[in-house]
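Asks: I have a structure I would like to understand better, so I am pasting it below and will then ask my questions one at a time.
Laboratory data are not the source of any read-out in this text; all were calculated from the coordinates shown. Just so it is clear, the model here is predicted, and its values are computed rather than measured. Note: ideal-geometry Cβ built from the backbone for every residue, glycine included; neighbour counts use all protein chains shown.
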Amino acid sequence: MTKNLEKLLTPKSKGVRVIYLSSYIPRKCGIATYTKDLTNAINLLNPHDLAEIMAATRPKECINYPWEVKYKIKQEELHIILKQLITLTNRVPILFPFSTNTVCLVVSVGNILFLL
């Protein structure tokens, strides 16, 4: 399967720009670690448009994030973004101050992991 995807993602083809909205390393959190592992794998398949991260931060949290974290959002403000994404799915580029094809939201509710 990887070989087939590599053939599709040639230098001439347009990559898929994705921003991942999630907690992120070095935060000590399973979702943060999962998102790092996920984006590492996606970057191998899509090397022309590397994953970007919008990290969900906690109040009074001071973390030095790695280079791929381009944006930060307060965790308590995530509901605003979620509401906009649910009601205005087709207008995602208008809602965010960055250029992307896809927004991937990585959240955990109880023991269930959601990729939206």
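Asks: Stretched out fully, how many nm does the piece from Asn64 to Asp37 gain, at 0.36 nm a residue minus the Cα gap?
Replies: Working it through step by step, the gained length comes to 7.9 nm.
Asks: Next up: By average Cβ neighbour count within 10 Å, what is the ranking of 27-38, 62-73, 45-56 from highest down?
Replies: Descending mean neighbour count gives 45-56, 27-38, 62-73.
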